[in-house]
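One structure is given below, encoded as structure tokens.
The values are calculated or read from the model by the stated rules, or taken from the named source; none is laboratory data. Quick caveat, the model's predicted, so the values are computed rather than measured. Don't worry about glycine lacking a Cβ; one is built from the backbone with ideal geometry, like all the others, and counts go over all protein chains shown. Only protein heavy atoms, including side chains, enter the accessible area calculation; ligands, DNA and RNA are left aside. Shrake-Rupley method; radii C 1.70, N 1.55, O 1.52, S 1.80 Å.
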Amino acid sequence: VQLQASGGGLVQAGGSLRLTCGASGNSFAGYFMAWFRQAPGKDREFVAAISWSESDQYYADSAEGRFTISRDDHKNAVYLRMDNLRPEDTAIYYCAADPGHFTSVPTLADIQYWGQGTLVTVSS
């Protein structure tokens, strides 16, 4: 599965963005999908994830209540809606996929497929 993230950009604090993760090659229907991010000088960290059935969603504490993950398997796309953005949300955002099933937040080592990132910059 080849993943490609898009939708990043420059936004003022309090603004919104929607990131999109598309896939080429195999469909990711049935895959567990996630978003991670990496801020300058920091480790890559979990942001949000959604199960293949959409019944389970997971959010980092920093994303809870502001970010929403969703998927549309017909369009082979996963979205991350980000509202009320803060300067500390500035990072490269990566989409990720794994054929496994998770009942808790995945770690970096759990993820099999990674896309290239899209940069989100939030100005104060």
Do we find a residue being within 24 Å of Ser124 (Cβ to Cβ) and either touching a Cys at 6+ places or on another chain (Cβ under 9 Å) or not hydrophobic (A, V, I, L, M, F, W, C) (or both) anywhere in region 20-33?
-> no
Do any residues in region 3-22 that are farther than 12 Å from Met82 by Cα have Cβ atoms under 6 Å from those of residues that are of a type in the set (Gly, Ala, Ser) and surrounded by fewer than 16 Cβ atoms within 10 Å (Cβ to Cβ), where the two are at least six apart or on different chains, and which pairs are they?
-> Gln12/Ser123
Taking the residues in region 18-33 that are in contact with an Asp or Glu (Cβ under 9 Å, 6 or more places away or on another chain) and open to solvent by less than 50 Å² (accessible area, probe 1.4 Å) as candidates, determine which candidate is nearest to His101 (Cα to Cα).
-> Phe32
Name the pairs: first residue in region 34-47 and open to solvent by 30 Å² or more (accessible area, probe 1.4 Å), second residue at pLDDT 95 or above and of a type in the set (Asp, Glu), Cβ to Cβ under 8 Å, at least 6 apart or on different chains?
-> Gln38/Glu45
